[in-house]
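Engineer: Take a look at the following structure, please.
Each reported figure results from applying straightforward, stated rules to the coordinates on display, with no laboratory input. As the structure is a computational prediction, the values presented were derived from the model and not from experiment. Positions of Cβ are backbone-derived with ideal geometry, glycine not excepted, and every protein chain shown enters the neighbour counts.
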Amino acid sequence: MKTLAIIILAMLLLCTDAVSFVSFDSWQLPLSIADMSWAGLEVIGAIVAVIAVVAGVALFTIIVLGAGVVALIGVVLAFLFGSVMIAWPLLLIAALCWLIADNKKSPA
């Protein structure tokens with residue numbers, strides 16, 4: 001039975017034209033991009049760059065906010081369970097974050 005399945009699979013592979021599935025035209029630039037002027041490509045590049053910068057800033061902000069939330073939850077849990085030995089590293093991390101953060105008020 002296994003031999004019959006292998007023979008049928010081999011016959012299907014031999015009878016199938018695998019070259020027709022590969023379209024070499026799809027490897028080139030799409031015609032809509034190829035017909036654009038350089039100004040259009042520059043605008044698209046600028047938009048992609050702005051989106052990448054905004055996404056990077058948002059990701060960094062979420063990471064910093066998440067680290068602060070985790071540290072805060074850890075400190076609260078450490079104090080709830082009464083172990084100061086657990087709270088010291090978390091308090092030091094919170095103090096380090098506070099020292100790094102920009103606490104200067106801008107004159108408005």
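Engineer: Between Val57 and Trp98, what's the calculated FRET efficiency when r is the beta-carbon distance and R0 is 22 Å? Round to 0.05.
Structural biologist: Calculated transfer efficiency: 0.55.
Engineer: Moving on. For Ala49 and Leu72, FRET efficiency with R0 = 35 Å and r from the beta-carbon atoms, rounded to 0.05?
Structural biologist: So, using R0 = 35 Å, E works out to roughly 0.50.
Engineer: Now, a different point. Classify the stretch 35-82 as rounded, prolate or oblate from the Cα gyration tensor: take a ≥ b ≥ c as the square roots of its eigenvalues, call it rounded if a/c is under 1.5, otherwise prolate when a/b beats b/c and oblate if not.
Structural biologist: Cα axes put the stretch 35-82 in the prolate bin.
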